[in-house]
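Some notes on the structure that comes next.
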Amino acid sequence: MSMISLGEALERLRNQCRILVSDKKIKLEDGLGRVLASDIVSAINVPPEDNSAMDGYALRGQDWRGPDHALEISQRIAAGTPPAPLKAGTAARIFTGAEIPVGADTVVMQEKCGADGQSVLIDTVGEPGSNIRPQGQDIRRGTTVLQAGQRLRAQDLGLIASLGVERINVRRRLRVAIASTGEELVEPGDTAGPGQIYNSNRYMLKAMLANWGFAVVDFGVAEDDPGVISKVLTEASCEADVIVTTGGVSVGEEDHVKAVVESLGHIDLWRVAIKPGKPFAFGDVLGAPFLGLPGNPVSAFVTALVIARPYLFDCQGVSHREILPVRQTALFDKKGSPRLEYLRSRSGPEGVEIFDQQSSGVLYSTCWGDGMVVQQAGEDISRGDSVDVVPYMLFN
C-alpha cells in the first residue's frame, strides 16, 4: 500500500465507522464526560416566573410621583417566597431572585431608595421591565438545550440540573483494548537490562483514552511472536469494542502485528503521509476495528491525537467539532518535507517556538511545550511567518 494523505485517512476511517455502544440511564451526578444518547428538551421555563435581578423595591412605575413622594411598603418578598399581588400605590421590598408580584412592572435598586421600614422614597424609576428577569429568559419550555452526541461538561450538568432532570440517557463507555508490542519493553519499577527501555506508550495511551471518556481494557505487552500476538488480539476482539496497539506495524522483521491482523481479518489502510506517525494502520480483527499506532512514543502520541481520537469519538457517538488551529508568529526556521509534519511547540507572547529535536523518539518534546505547529507538506517556514498551531488543550 502506498502512503495516503491525512485527510484521506480520516475520511476513510469516518466512512467505515459506526456507533458501537448502546444507551443507558444514569444519575445526573455521574454524567461528567459521558456522551448524551438523546436530546435534552426543557419541560419548563427557566426562570419559571419573572424575578428580580437585584435587591431593591418592586412597584408599578406609574405609581411613582417623584423623589419626594413616599410609597408604602406593603410586603417583603425573599427568593423562594410566593408573593401576594401588589397593592396599588405601594412598593414591595424584594430581593435578588425573588418572584415579581402581580401588578409590579419595575424594580428599583436599593441604592436609589431611602426606606424607614414602613415607606420608601425612590430617586428615579426606570422603564417598565427594568431590573426584571422575565420568565423563560434563560430557557423556554420546549427548547432543545443539548443534543445527542454532546460530551457533557460541568456547565452542561448544571444546565440539565436547572431543568429539574435527575437521570439522563447516555452512551455506554466505548471499551478500548490496548496492547504494546516489543520484547525490549520493561515496565516501570522493573530493572531495564541491555537493549531494553521502559514502556512509556502503555501509560501515555491509557491516560489519553481515560481522559477522553473511554473504558480501557489493558492487555499489557505482547511478545514479538506471531502466536502470542494472535492470542492477544483474539482475546481483545472478544472483550472490547475497538483494539489499539502500539508498535509492530512498520516493515522490520520483528514487526508482526500487521501480518497477524491480516491473518485474523484485514488491513484497510497502512502508512499515512504524516511525520511523525507514517506506519499507522487501520483494519479489522475478527469483527473488531483495529488501530495500529507506531511504536515510537511521539509517533504514538501524534497519531493517537489526530487519527485515533476522532475515530474513537465517532464510535462512541460523539458529535465532536473539527479542531481548528490558531495562527501565530513563527520564532524559528524550518525547511519543509514531503509529508505533513506536527512540530512540538511552545507558545509565548512573541510567537511560537519549536523544540530543537523533533525526533519521533524524543517524548520530552511533547511535555516541553503546549501544542504542535502544523507544517504542510513542502512548506518552508521562516522566522516571522504566520503558522498554524494546535494547542494540546483542544484535544481534551
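Can you go through 91, 78 and tell me which one is farther than 19 Å from residue 112 by Cβ and among the aliphatic types (A, V, I, L, M)?
So the residue among 91, 78 that is farther than 19 Å from residue 112 by Cβ and among the aliphatic types (A, V, I, L, M) is 78.
Suppose we filter 195, 158, 189, 213 for residues that are closer than 16 Å to residue 26 by Cα and either in contact with an Asp or Glu (Cβ under 6 Å, 6 or more places away or on another chain) or free of Cβ contacts under 8 Å to residues at least 24 places away in the same chain (or both); which single one remains?
158
Please find, within the range 11-68, the residue that is surrounded by the fewest Cβ atoms within 10 Å (Cβ to Cβ) out of those that are closer than 23 Å to residue 312 by Cβ, hydrophobic (A, V, I, L, M, F, W, C) and in contact with a Pro (Cβ under 9 Å, 6 or more places away or on another chain).
Among residues in the range 11-68 that are closer than 23 Å to residue 312 by Cβ, hydrophobic (A, V, I, L, M, F, W, C) and in contact with a Pro (Cβ under 9 Å, 6 or more places away or on another chain), the one surrounded by the fewest Cβ atoms within 10 Å (Cβ to Cβ) is 17.
Among the numbered criteria (1) assigned to a loop (DSSP other than H, G, I, E, B); (2) in contact (Cβ under 8 Å) with a residue 60 or more places away in the chain, which single criterion is violated by residue 57?
(1)
Kindly provide the set of residues from the range 339-356 that are in contact with a strand residue (DSSP E or B) (Cβ under 9 Å, 6 or more places away or on another chain), surrounded by fewer than 18 Cβ atoms within 10 Å (Cβ to Cβ) and either in the same structural domain as residue 278 (by TED's automatic domain parsing) or part of a loop (DSSP other than H, G, I, E, B) (or both), ordered by number.
350
Could you tell me whether the range 111-122 includes any residue that is surrounded by 13 or more Cβ atoms within 10 Å (Cβ to Cβ), in contact (Cβ under 8 Å) with a residue 12 or more places away in the chain and under 43 Å from the mean Cα position of the chain (by Cα)?
No - not one qualifying residue is present in the range 111-122.
Could you tell me how many of the residues in the range 97-137 are within 30 Å of residue 156 (Cα to Cα) and modelled with pLDDT under 95?
Total meeting the criteria: 0.
Taking the range 269-298 as the search range and keeping residues that are surrounded by fewer than 20 Cβ atoms within 10 Å (Cβ to Cβ) and farther than 17 Å from residue 5 by Cα, which one is farthest from the chain's Cα centre (by Cα)?
So the residue we want is 286.
In the range 22-54, how many residues are hydroxyl-bearing (Ser, Thr, Tyr) and either under 17 Å from residue 86 (Cβ atoms) or free of Cβ contacts under 8 Å to residues at least 60 places away in the same chain (or both)?
So the count comes out to 1.
When you go through 355, 301 one by one, which is the residue that is of a type in the set (Phe, Trp, Tyr) and within 21 Å of the chain's Cα centre (by Cα)?
301
Count, please, the residues in the range 164-176 that happen to be more than 25 Å from residue 42 (Cβ to Cβ) and either assigned to a strand (DSSP E or B) or touching a Gly at 6+ places or on another chain (Cβ under 7 Å) (or both).
3
Which numbered condition in (1) among the aliphatic types (A, V, I, L, M); (2) within 24 Å of residue 364 (Cα to Cα); (3) outside any helix (DSSP H, G or I); (4) at pLDDT 95 or above is the only one that residue 305 fails?
(3)
Please work out which one of (1) touching a Ser or Thr at 6+ places or on another chain (Cβ under 9 Å); (2) outside the structural domain of residue 304 (by TED's automatic domain parsing); (3) within 26 Å of residue 241 (Cα to Cα); (4) not aromatic (Phe, Trp, Tyr) is the condition residue 163 fails and give its number.
(3)
Within the range 177-207, can you find the residues that are touching a Phe, Trp or Tyr at 6+ places or on another chain (Cβ under 8 Å) and either surrounded by 15 or more Cβ atoms within 10 Å (Cβ to Cβ) or assigned to a helix (DSSP H, G or I) (or both)?
177, 178, 179, 185, 186, 204
Condition first: outside any helix (DSSP H, G or I) and either surrounded by 20 or more Cβ atoms within 10 Å (Cβ to Cβ) or within 34 Å of the chain's Cα centre (by Cα) (or both). Now tell me which residues in the range 211-234 satisfy that.
212, 213, 214, 215, 216, 217, 218, 219, 220, 221, 222, 224
Matching residues to (1) under 30 Å from residue 23 (Cβ atoms); (2) of a type in the set (S, T, N, Q); (3) not assigned by TED's automatic domain parsing to the domain that holds residue 31:
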site	(1), (2), (3)
191	no, yes, yes
213	yes, no, yes
218	yes, no, yes
231	no, no, yes
234	yes, yes, yes
238	yes, no, yes
267	no, no, yes
275	no, no, yes
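Criterion first (touching a residue at least 60 places away in the same chain (Cβ under 8 Å), surrounded by 13 or more Cβ atoms within 10 Å (Cβ to Cβ) and not in a strand (DSSP E or B)) does residue 136 satisfy it?
The answer is yes for residue 136.
The values are calculated or read from the model by the stated rules, or taken from the named source; none is laboratory data. Just so we're clear, the structure is a prediction, and the values are computed from it rather than from any experiment. Note: ideal-geometry Cβ built from the backbone for every residue, glycine included; neighbour counts use all protein chains shown.
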